[in-house]
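Below you'll find the structure, written out as structure tokens, and then a few comments.
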Amino acid sequence: MFAHRRGIYESLATHLLAMGTLAVLLAVTSPVGGAHLLCDLLGVMQRAQETCAESLANHSLSAGGWRPEEGCAGMWDNISCWPPTPLGQTATISCPEILQIITGIQGTVNRNCTEKGWSPAFPPMDIACEYNVNDTESEDVQEYYMHLKTLYTVGYSMSLASLSMALIILLSFRRLRCTRNYIHMHLFISFILRAMSVFIRDAVLFSVDDIDHCSVYLKDCNYVMIFFQYCIMANYSWLLVEGLYLHTLLVVSFFSEWKYFCWYIALGWGSPLVFIIAWSVCRHLYENTGCWNINSDASVWWIIRGPVILAIFINFILFVRIIRILMKKLRTSDVWGSDFNQYKRLARSTLLLIPLFGVHYIIFAFFPEDVSSGTVEIRLSFELALGSFQGFVVAILYCFLNGEVQFEIQRKWRRYHLRKYFWLRQQKHSMVSNGGSVLTQVVQVSRSSQRESRKSSATPMTSLI
């Protein structure tokens, strides 16, 4: 019996690991992919154990103590709570809450109170609750989720490194400082903050390697979640700013870029702050549980999810309008050449705009949030593969492959080599001139020494005469 129960515990631990990793992965993708997560199963067991202990203590006080000859005392068997039962009777309880969450089955389990104590549970827990102890699917799912975690860690690391280098390059050249590049720099910063928040969040939630990693509620860890959610929303806000700015350039003939830029700053960094403050207050008042990484209350969660979906939807509309404007310009202009070249340039422009606008997020923005559905793995693979490498792609396309940036780097490189050439040439000339002056001084010294030697030799001759 104990070996069979230990098998249930080990299988539950695997489920906890798999669902806990799923919780982190879903939250890392975006607020759009945040589902009603059930990774806090260990907390369910802990609350059930506390409730059982309290119930047994109240029963013992009301009964004036329990005498062994009266039957079997109540107990907690690490998964279920059994009430005190008189001798010869049968105790019937529902399947443990943790198994009901996993299987969705509300079965019943029985135990007899005999003279030797509690009998084994019948039917067995795995049969009554339809829980397969020997199922290895959870282990495969856990391995799959950990591979995804490795994937987005590599992606965010590459994005963080490339975006930091791109930001330094744009800040280093004065000729690159314009409104368009200023917006690009703010977008780079939002991607950098997003990558950093993911690493910080993983460090908190995966701070221990056991089944409790999904409910590691460290002190003040909710502040980490607030920072994480703000960085996610700020990133989506600056993607929207990029779309608005490009659409304004194509539609409006003349406008004050500095005035618009101030509004872009307020939209990119200010609007997420408003929604995050509102979400934090509501979360503290109505759903102050754990580390704030489980979103059970849909009404509170939509404070964040709603604005993000709206930003994605608006950006998608702007993307479609910009593509239509580009098509019209290509058709009315004779500069572009043949039809093939027109479609080639249009396709290239479309591919360049997709990572800048985050258009790929529209695919799963309105998908149901049911974790048990088969689309969750597809959605995770798609969003993590593209989302984590999106910053890297943006840095490559809009900095390293930018013609203006390449020209400035080449100009700086040529100027460096020219300065180095003139410096070496100047050093060479200085060495030659210094060498000539030294040689002149040596000749003069030698001549003066010869004269002095002649005078000294002539003096004795004169005295002898």
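Bear in mind that the values in this text are calculations on the coordinates, not laboratory data. Since the model is a prediction, treat every value here as computed from it, not as a measurement. Methodologically, a virtual Cβ is constructed for each residue, glycine included, from the backbone with ideal geometry; neighbour enumeration extends over all protein chains shown.
Per-structure values
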item: Cut-off 13 Å between beta-carbons: net charge of the residues surrounding Arg177, Lys and Arg +1, Asp and Glu -1; result: 0
item: For Met75, distant residues with modelled amide H under 5 Å away; result: Trp82
item: Proximal charge balance of Glu257 [Cβ under 15 Å; K/R count +1, D/E count -1]; result: +2
item: Charge tally in the Cβ shell below 10 Å around Tyr398, where Lys, Arg are +1 and Asp, Glu are -1, Tyr398 excluded; result: 0
